[in-house]
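Some notes on the structure that comes next.
Values in this text are rule-based calculations from the coordinates and carry no lab data. Since this is a predicted model, take the numbers as computed values, not measurements. Cβ coordinates were reconstructed from backbone atoms using ideal geometry, including for glycine residues, and neighbour counts include every protein chain displayed.
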């Protein structure tokens, strides 16, 4: 199964998901824009409409989509529009790109429960939209932290 999320810098996002039991593979790339085959430089202009995303391939016999969603919600701030930490721009927006009606329902339900829980003091701004074409990012972005020996700490 496939899950796709925008949650700020895709280097950070990929690193978080790669460590989870049941995740078979990850790729970073771009989704949600209007330019075909965008480059990192184009996406960074904040004029293509794309989000930096991580696409997660997982084994539903080992981990559920709901468990994957919990990782998504707990590893970024879903209340800041078009921003995560020092990264600012639409490409850093919080987004769930769903691949099935079941993923859409699960994401909307969890978003509503989290908002009602009071865990977040501000409104959750995460968009929940249909997955569109996934444009794989340049190879040097794939598994960036593993290649560079850098680790992200939340």
Between region 74-107 and region 22-57, what's the alpha-carbon centroid distance in Å?
13
Length-normalised contact order of the chain, Cα under 8 Å, at least 6 apart, in percent, tallies to 33
Can you sort 7, 31 so the residue with the fewest Cβ neighbours within 10 Å comes first?
31, 7
Determine, for 122, 18, the number of other Cβ atoms within 10 Å of each Cβ, and report the residues in order from fewest to most.
122, 18
When 30, 92 are ordered from fewest to most other Cβ atoms inside 10 Å of their Cβ, what list results?
92, 30
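Please figure out what share of the DSSP beta bridges in the chain is antiparallel and state it in percent, rounded to the nearest 5.
85
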Apply the a/c threshold of 1.5 to the C-alpha gyration tensor of the chain and tell me whether it is rounded, prolate or oblate.
rounded
